[in-house]
Amino acid sequence: MIPLRLRVPAAGCALLLGASAVLLAGSTAVAAPSKPVVRESPVRQAPRSAGAADTSTGPFTEPGFAAGCTWHEFGEGEQPPWWLTFADPLCVEYSKRDITVDDGGALRFLVAEPSRFAIAMLTCHYYQKDHWSVQSTHGATPWIAWDGQYWWDKAARRAGARLTNFRVDGHTVGIGDAVAALEPVFPDVARALSDYGQAAGETGLTVSLPYDLRCALGG
């Protein structure tokens, strides 16, 4: 493990705690409005199995519907349109690299998060990718940065999460190193990240979900 000591001003505490709360909720980063970039996948969605639910916990895997995703990409602080609430599967990618204290980036991030979380609630098949970076000012070395992937398939009663590419004070580390570096300064953030693991390198898992009648009937 890389011995790193994170030196973060107290002003960044509330910001980091807000980011960790969003992360733990399985959520899912206001700049000038722009249209979302959409990438069409040439592969059609695979049929969903109606077999018995898998209740095991295992390493991270891609969801079965990933091949059929139409990806909607959003920039810093950009809020998704309301009509995405009815997309199924819903696949989104968010840039959250401008979470800064002094240029409004943190505020734009916090304002955008509720709408990003809200559009995901109704869909039975959801896949999100995001890219995090928290720093004092634009262009400064990030205090902490990582990339995330989160998905659920309520019909199959499965969900997955993976965190990769951790960097602390500009150093490439594993999630265990990030937890250790944050623990002396921001223990709540460290505990949030430790739920995803404490080993070096990337970390991820796939777990079971409770039964959802609406999604089960919809397939």
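The values are calculated or read from the model by the stated rules, or taken from the named source; none is laboratory data. What you see is a predicted model, and the numbers here were worked out from it, not measured in a lab. With ideal geometry, Cβ positions are generated from the backbone for all residues, glycine too; neighbour counts draw on all protein chains shown. Areas reflect the complete protein model, heavy atoms only, side chains present, ligands, DNA and RNA absent. Shrake-Rupley method; radii C 1.70, N 1.55, O 1.52, S 1.80 Å.
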State which residue pairs qualify: first residue aliphatic (A, V, I, L, M) and inside segment 67-94, second residue open to solvent by 30 Å² or more (accessible area, probe 1.4 Å) and not in a strand (DSSP E or B) in any location, beta carbons under 8 Å apart, and separation of 6 or more residues or different chains.
ALA67/SER41; ALA67/VAL43; ALA67/ARG44; ALA67/GLN45; ALA67/ALA46
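Conditions tested, residue by residue: (1) aliphatic (A, V, I, L, M); (2) at pLDDT 85 or above; (3) outside any loop (DSSP other than H, G, I, E, B).
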site	(1), (2), (3)
LYS129	no, yes, yes
GLY160	no, yes, yes
ARG191	no, no, yes
GLN198	no, no, no
CYS215	no, yes, yes
Which residues, taken from segment 73-103, are out of contact with any strand residue (DSSP E or B) (no Cβ under 7 Å at 6 or more places or on another chain) and over 23 Å from ARG167 (Cβ atoms)?
GLU78, GLN79, PRO81, TRP82, TRP83, THR85, PHE86, ALA87
Just checking, how many residues over segment 162-189 are modelled with pLDDT of 75 or more, open to solvent by 30 Å² or more (accessible area, probe 1.4 Å) and not small (Gly, Ala, Ser)?
10
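Would it be correct to say that GLY204 is modelled with pLDDT of 75 or more, within 22 Å of PRO63 (Cβ to Cβ) and outside any helix (DSSP H, G or I)?
So GLY204 passes the test.
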If you check ASP88 against the conditions, is it touching a helix residue (DSSP H, G or I) at 6+ places or on another chain (Cβ under 9 Å), modelled with pLDDT under 90 and either in a strand (DSSP E or B) or under 21 Å from TRP152 (Cβ atoms) (or both)?
no
Take THR137 and decide whether it is loosely packed, with under 15 Cβ neighbours inside 10 Å and among the β-branched types (Val, Ile, Thr).
yes
For SER95, which of the numbered conditions (1) within 19 Å of PRO142 (Cβ to Cβ); (2) among the hydroxyl-bearing types (Ser, Thr, Tyr); (3) assigned to a helix (DSSP H, G or I) fails to hold?
(3)
Does segment 70-85 include one or more residues that are farther than 16 Å from TYR127 by Cβ and assigned to a helix (DSSP H, G or I)?
yes
For segment 62-85, how many residues are more than 23 Å from PHE109 (Cα to Cα) and out of contact with any Phe, Trp or Tyr (no Cβ under 7 Å at 6 or more places or on another chain)?
6
If you take the residues of segment 109-134 that are surrounded by fewer than 17 Cβ atoms within 10 Å (Cβ to Cβ) and among the hydrophobic types (A, V, I, L, M, F, W, C), which of them is nearest to the chain's Cα centre (by Cα)?
PHE117
